[in-house]
Amino acid sequence: MRIPIGIRLGIGVILLQLILVAWMTWDSRTVASAALAQQQTMRVAELSALLNDALAPLLVQRDFAALQDVLDNVGRAEGLEYLLLYDHHGNPVAQHSQMSAEELAVLRSMAENLPLLDVSVAIELFGQEYGQLHVGFSTQVYEQTRDELMQRGVRNALVGIVLLSLLIIPISLCLSRRLGSLGRAAQAISDGDLGQRLEDRGHDELGQLAAAFNRMASSLEQRMDELDRAGEEREKVIVALDVANRDLQRLSEVTAHHMREPLRRLMTWSQRLARQCADLPDGEGLLESVTVIGEQARRMAALVQDVERYLSAGMPQGELGEQELAPLLASRLRRVCAEHGIDGVELEQGVLPPLYIDRPRLGLLLELLLDNAVSYRPPDRSLRLVVEGIQLGNMTTLRLSDNGPGIASGYRERVFNIFERLENAGKGTGAGLAIARRIVESLGGRIWLEAAPGSGTTVAFELPSKRGSSHEQG
């Protein structure tokens, strides 16, 4: 059960008051006991001096009747239980008590457990001791006085607790009610009711807090309205962008598709012209021009093909799932080597964890990276490739390193731009790494270049191991 803070505050104050009462009671008892003990000591000292002066001469004179009279007169004082006088030989010479000698002996043996103080006073005259007087003081009066003082202190403290409770309880209930209203209003706002307001009009700190809460709620409601309107506008913009993107993609696909036929015919007719020019007596200059036209037509066809691949790289071309790398890597390497007319590529494979991707795009990704390594292979030695991967958490990283000439650090980001080519670029269009980046980023990953150990270049990319949310983009 949750206890309101106001009630807890009131209980805490009352408990603190009870602790103070207990401490004050203990302190009052200590002070009262010390004061009463001091009074007893002073009375014993006064009585001892008085009895010594009165009894010493009579005891020297052995006037037993006078000694008894003195004891009887002194024994009438309040609080004296008995007076016993002994000579210096320890023989009783006089006593004042309403009890017999046997009863006195029992009483004195139990003095420590009774409200009784047994005091021994030496009877001296001119420094010579002539006897001992035993005086029995009743401490009951002192103890009653002390108890009455304590009871009075406890009563006063309890009255204070009651009065304080009568003051604290309404304050606590009011505090709990006001804080409860603030809590309920805050919970209502967190649940989406931004119109919730507090009716607290107090001029204290809680009233100021309620006013600040109302201002905050109004500001929050206004901001949420603005965000809702901005969200509606954003949705409209997203829909418009999506329509425009789809139209643009469709236009690009249709344009690329319709450009293929003219390019194919251009290449075919340029080949026919080349054959006809070879039969002419002065056709060498014309043959060179026709050859350039054919080469540029083939380059245009390659550019159109890469544009199509770039546009489709951001969408799955099959079922997403965990794909094994080793078989695809071997088959794509054989294809790339055949296209470039080379053999003898040295391939070193490390650990190859599976990648979460569709199989067609994984094949295209590996083919693009391998083609890039083969295109820039070292001219004076065999191409050596090292492929290895590692899985950390929910990300899988793959690295493909070659022993080629490498890429300067200033170009390692630029080469991922579409149609970006190095100065010593080969026959490629410059779109391969851009297509690779589009594939990787559409899956929520990233791709980058590193300097390979020794020499060469390392292409590294990482992909999520499992798909927590869709990252596919058009």
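The values are calculated or read from the model by the stated rules, or taken from the named source; none is laboratory data. Just so it is clear, the structure is predicted and the values come from calculations on it, not from any experiment. Backbone-built Cβ (ideal geometry, glycine too); neighbour counts: all protein chains shown.
Below are the figures for this structure:
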| item | result |
| --- | --- |
| In segment 118-140, residue nearest to G75 (Cα to Cα) [restricted to those that are surrounded by fewer than 14 Cβ atoms within 10 Å (Cβ to Cβ) and either of a type in the set (A, V, I, L, M, F, W, C) or touching a Lys or Arg at 6+ places or on another chain (Cβ under 9 Å) (or both)] | A122 |
| Every pair of residues 6+ apart whose Cβ atoms lie under 9 Å, when the first sits in segment 245-260 and is in contact (Cβ under 8 Å) with a residue 12 or more places away in the chain and part of a helix (DSSP H, G or I) while the second is loosely packed, with under 11 Cβ neighbours inside 10 Å and not hydrophobic (A, V, I, L, M, F, W, C) | none |
| Qualifying residue in segment 51-71 (condition: under 16 Å from H134 (Cβ atoms), modelled with pLDDT of 75 or more and loosely packed, with under 14 Cβ neighbours inside 10 Å) | no |
| Conditions (1) buried (at least 21 other Cβ atoms within 10 Å of the Cβ); (2) without any contact (Cβ under 8 Å) to a residue 60 or more places away in the chain: number failed by L369 | (2) |
| Unmet criterion (only one of (1) outside the structural domain of L286 (by TED's automatic domain parsing); (2) surrounded by 12 or more Cβ atoms within 10 Å (Cβ to Cβ)) for L209 | (1) |
| Residue pairs meeting the criteria (Cβ under 6 Å; at least 6 apart or on separate chains; first of a type in the set (G, A, S), in segment 70-88; second surrounded by fewer than 20 Cβ atoms within 10 Å (Cβ to Cβ) and part of a strand (DSSP E or B)) | G79/S138 |
| Count of segment 131-154 residues which are at pLDDT below 80 and more than 17 Å from V44 (Cα to Cα) | 11 |
| Selected residue (only one of G410, G426, G454, G430 is at pLDDT below 80 and outside any loop (DSSP other than H, G, I, E, B)) | G410 |
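Listed here are the residues, each with its yes/no results for (1) assigned by TED's automatic domain parsing to the domain that holds T397; (2) touching a residue at least 24 places away in the same chain (Cβ under 8 Å); (3) surrounded by 15 or more Cβ atoms within 10 Å (Cβ to Cβ); (4) part of a helix (DSSP H, G or I).
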| residue | (1), (2), (3), (4) |
| --- | --- |
| L273 | no, no, yes, yes |
| V304 | no, yes, yes, yes |
| E308 | no, yes, yes, yes |
| G344 | yes, yes, no, no |
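Residue by residue, here is whether (1) within 32 Å of the chain's Cα centre (by Cα); (2) part of a helix (DSSP H, G or I); (3) surrounded by 12 or more Cβ atoms within 10 Å (Cβ to Cβ) holds:
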position: D147; (1), (2), (3): no, yes, yes
position: V154; (1), (2), (3): no, yes, yes
position: L163; (1), (2), (3): no, yes, no
position: I168; (1), (2), (3): no, yes, yes
position: I171; (1), (2), (3): no, yes, yes
position: C174; (1), (2), (3): no, yes, yes
position: A185; (1), (2), (3): yes, yes, yes
position: D200; (1), (2), (3): no, no, yes
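Matching residues to (1) charged (D, E, K, R); (2) more than 50 Å from the chain's Cα centre (by Cα):
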residue	(1), (2)
R229	yes, no
E232	yes, no
V237	no, no
A240	no, no
T255	no, yes
S270	no, yes
V290	no, yes
E295	yes, yes
